[in-house]
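Right, one structure below, let's go through it.
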Amino acid sequence: MAISAQANGLVKVWETGTWREAYEVPAHPGKAAFAVDFAADGRTVPTAGGDGAAVIWKFPGGSWKVPEYVPPAPRPMPEPSLPSVIEH
């Protein structure tokens with residue numbers, strides 16, 4: 001099995017013997033999926049996307065399940081305050 005991430009948020013799992021698509025998951029709809037990997041068990045796939053979410057997917061028996069844990073999107077960082085300029 002191999003896995004790929006796409007700019008449209010889809011994650012695809014491929015059968016490496018035939019290079020046929022085995023599964024397609026809308027992991028991060030409308031945003032880029034930019035990090036994917038197989039966990040050591042070979043059935044768990046963590047993904048991260050442009051929507052700010054990291055998602056854990058499982059596919060036992062050949063079917064994807066709803067993510068077990070979806071953390072909230074990160075809050076925007078506050079703008080750094082610039083020191084006041086004092087003219088002499």
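The values are calculated or read from the model by the stated rules, or taken from the named source; none is laboratory data. These numbers come from a predicted model, not from an experiment. Cβ atoms come from the backbone with ideal geometry, glycine included; neighbour counts cover every protein chain shown.
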- line: Per the list (1) at pLDDT 85 or above; (2) in a loop (DSSP other than H, G, I, E, B); (3) over 18 Å from the mean Cα position of the chain (by Cα), residue check on Pro83 breaks on (1)
Condition met for Gly52 (loosely packed, with under 14 Cβ neighbours inside 10 Å, on the phi > 0 side of the Ramachandran plot and at pLDDT below 85): no
In the stretch 49-59, the residues that are part of a loop (DSSP other than H, G, I, E, B) and touching a Gly at 6+ places or on another chain (Cβ under 7 Å): none
- request: Go through the stretch 1-57 and give me each residue that's farther than 21 Å from Arg75 by Cβ and among the small types (Gly, Ala, Ser).
  value: Ala2, Ser4, Ala5, Ala7, Gly9, Gly17, Ala22, Ala27, Ala33, Ala39, Ala40, Gly42
message: Among the numbered criteria (1) in contact with a Ser or Thr (Cβ under 7 Å, 6 or more places away or on another chain); (2) at pLDDT below 80; (3) surrounded by fewer than 12 Cβ atoms within 10 Å (Cβ to Cβ), which one does Lys58 miss?
response: (3)
- prompt: For Ala33, are the conditions met, namely being in contact (Cβ under 8 Å) with a residue 24 or more places away in the chain, within 14 Å of Lys58 (Cα to Cα) and of a type outside the set (Phe, Trp, Tyr)?
  reply: no
